[in-house]
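What follows is a short report on a single structure.
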Amino acid sequence: MGESTHDWANFFSGSELEILMGPVFVAASPSIAKIAMRAHYRVLPSPQGPHMKLSHLAILAFAAPIGLAAQPTPAAPATNPVTAAFRTRIAGLHRNIAQAFDSIPESKFSYKPTPAQLSIGYIAQHIASDSYFFCNNFGAMRGTRAPEDTTTADSVKATWPKAKLVAQLKESFAFCDRAIGQFDDAKLAEPVTITFGTNTRTTTRAAMALGHAIDLADHYSQLANYMRLNGITPPTALPRPRPAGT
């Protein structure tokens, strides 16, 4: 049988085209809608005549709304994107550092590559102290520490058992995770006053959040090098789990 040369697009009314192609598309460009229909129906065998038109109309009448419904909805703008970025980055560093200390044997907590460098135990207590310093300036919330944590020399705390050092480190991280919840982007420019010994200066909450993230990244890099020197793979170098079925 030969192929039809009927211009099937002429058989469709405007309302039928709206069903097939969608009212928004037809209203925007009725001529293009007709061309699209014409391209589809000119290759149909002619013996079916109007019945072919009606069968395709029935199929497309169901398919068109489904296609329109499947169109992606534009994502709403993120709220507080800067604060969200800080929170995500800091949470990831907390996780990596905690996993690093968990994987280092207690026998290695006195290790340091050279006499001039910090031991692993010293780094643990130092990060905990730094975390309280930065995160106490995220808002009105203040971290609670035992008196011995603030009155004992750092060099002595560095020799405390691994379990105690890691527990205190994780407590400081948990406090920071709560403290950063006080943030939103509107508060990042708020001034805060910080003191180092006898020196006092004014900065912003944004600077404290950035300082915390940079400090964590610096010490994680330090730990990763120490771990490599002791044949231990850092958390971020471990194979990532593959999705099921891959």
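No value in this document is a laboratory result; all are computed from the given coordinates. What you are looking at is a predicted structure, and each value in this text was computed from that prediction instead of being measured. Every residue, glycine as well, gets a Cβ built from its backbone with ideal geometry; the counts of neighbours run over all protein chains shown.
Under the shape rule built on the C-alpha gyration tensor, where the axes satisfy a ≥ b ≥ c, region 138-246 is oblate, since a/c reaches at least 1.5 while a/b does not exceed b/c.
When Lys108, Lys164 are sorted by how many other C-beta atoms sit within 10 angstrom of their C-beta, beginning with the fewest, the order is Lys164, Lys108.
Among Arg178, Arg201, sorting on how many other beta-carbon atoms sit within 10 Å of each Cβ, with the fewest leading, yields Arg201, Arg178.
Sort Ser131, Ser110 so the one with the fewest other Cβ atoms within 10 Å of its own Cβ comes first.
Working: Ser131 26, Ser110 12.
With the sparsest Cβ surroundings first, the list reads Ser110, Ser131.
Potential lengthening of the chain between Ala78 and Glu190 amounts to 38.2 nm, from the contour at 0.36 nm per residue minus the alpha-carbon distance.
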